[in-house]
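Below you'll find the structure, written out as C-alpha cells, and then a few comments.
Coordinate-derived values only; no laboratory data. Treat the numbers as computed from the prediction; the structure is a model and nothing was measured. Cβ coordinates were reconstructed from backbone atoms using ideal geometry, including for glycine residues, and neighbour counts include every protein chain displayed.
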Amino acid sequence: MLSICAVAFLVGGLIVMSERWHGKLTGDSDMSKPQATHLRPTPRVGGLAILAGTLAGLLVLGPAHMTLSWLWPVLFVAAMPVFVAGLVEDITKDVGSMKRLLAAFASAAIAWWLLGGVSRVGVFWVDWILDFWPISLLFTMIAVGGCTHALNIIDGINGLAGMIAILMAISLSLVAWQVGDYPIFLIAAALASATLGFLAWNFPFGRVFLGDGGAYFLGFMLAELAVQLVIRNPTVSPFYALAVLFYPVFETLFTIWRRKFKRGVPVDRPDALHLHQLIFRRMVRVSVVASGRRHVPPMSNAMASPYLWGIALVGLIPATIWWDNTWALALSILAFACSYVWLYARLVHWRRPAWLLLPSVRRARRERQQ
C-alpha cells in the first residue's frame, strides 16, 4: 500500500510543480465565493492523484485475485461519468450542480446494471418492494448518487473531505476483512492509501485541492463499496452502509433543511454556514486572534478539520465495531446526528464549548479573569 500512496504523492507533486503551466485552467482563483477560505489560487485537480494512485495499485493487485480482477475495473468504468463531469467543472467552471448530480445518477445506474444495487434495507416491506428491479434501480441511483454528491458538500477546508474519506475507507476495509471479502478490502485499502498520498499536498497547506472530480470519485467509490459489501455479505447489516457514510449524508440533508425551510433560499445556493465553516470562523479565527496575530495565516483553515474528524469518529467507530448489529448502528447514527446538531446550535448562538477552544484562547480567558 506504500507504493499506492507514493504514486498518488508523486502525481500530486507534479500537479503542484507544474501549476504555472496549467494554473489558469485548473486553479480555483475565485476567492470571493461565500464558501471560499483559501487566500491564493490553487489547483483543484487533486482527484487525478487519487485516481492514478488507486488505479496503479489495483493494476498490480488485481491479477493475483480473480474476483478483484473484474470487480475493480467495473467500478472504475461506472465512476467515469461522474469523475469526468467533476473534472470538467474543475477546469471550465461551467458544469452546473444539476448536471453533475445527473452524472452521479448515471454512474450509479451503470454500477447497478453491472454489479447489482440496493436490494435490502433491513425492513421487510421495503425489501419486498426492492425486489422489483425498477424500484431497486431508482433507489440505488438516488442513494449512491446522493452519497456521491454529498462528499463534495463537505469539501470546504484543507484536509476535511480527504481525511473523512480515508476514515470511511478504513472502516469499509476492516469490515470487509472481518467477513472475508478480500476484493472489497483491497479496493478500500487502495483508495485510502491513494487519498493519503494526495493529503500530503492538501493538509495543512492546501497546495492542491480535491476538486469536484476527486470528491465525486471518492464519494462514488465509497458509496458503491458500502453497497457491494452489503450485497455480497448477508451478515453485514444494511444500516452499516448508511452509518459509514452518514456524515456527508447528514450534512447534505441538514443543509437542504437549513436553506429551504430556515432561510427560504434555493437549496443549491452556496453559503458559508456549513459546520466546518462555523468552526473555522467562530473557533479557529478567534483562537488565532487571541494568540496575538494580526492576520489569519493561509493554513489556518486546516485547524478546523480535526474537529470534524473527531465528530465523524463518534459514528464511525461504533459502526465499524458493530457492523452486524442494526440497533447499535442506529444508535451510532443518532449519536452523530445529536453531536452535530448540538455543536452547530452552540456555534450559531456564539456559545462556543470552552473545552473545544484551543489552549491559547483558554489561557487568554484565564488571564482576563485573573
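Counting only alpha carbon atoms, the long axis of helix 66-92 and the longest principal axis of the chain meet at about 40°. Run the helix sum for the chain: -39,500 (n - 2.57) per DSSP H stretch of 4+ residues, divided by residue count, reported at 222 nm to the nearest 500 deg cm²/dmol. So the helix-based figure for the chain works out to -22500 deg cm²/dmol.
When both region 247-264 and region 166-216 are represented by their alpha-carbon centers, they are found 26 Å apart. Summarised as an ellipsoid, region 166-276 has semi-axes of 29, 20, 10 Å, derived from the eigenvalues of the Cα gyration tensor scaled by 5 and square-rooted, with the largest first.
Relative contact order for the chain: 21 percent, from Cα pairs under 8 Å spaced at least 6 residues apart, divided by residue count. Taking amide H positions as modeled 1.01 Å from N, with prolines and chain starts lacking one, the residues under 5 Å from Asp28 and 5 or more places away or on another chain are Thr42, Arg44. Distance between the 7 Å Cα→Cβ label points at Trp21 and Val60: 2.6 nm. Taking Cα centre as origin and charging only the Cβ of basic (Lys, Arg, +1) and acidic (Asp, Glu, -1) residues, the dipole magnitude of region 2-242 rounds to 360 debye.
Between the Cα long axis of helix 359-369 and the first principal axis of the chain there is an angle of about 40°, rounded to the nearest 10. Rg then Dmax, both in Å and based on the Cα atoms of the chain: 20.4, 69. The angle between the Cα long axis of helix 326-348 and the longest principal axis of the Cα atoms of the chain comes to about 20 degrees, rounded to the nearest 10.
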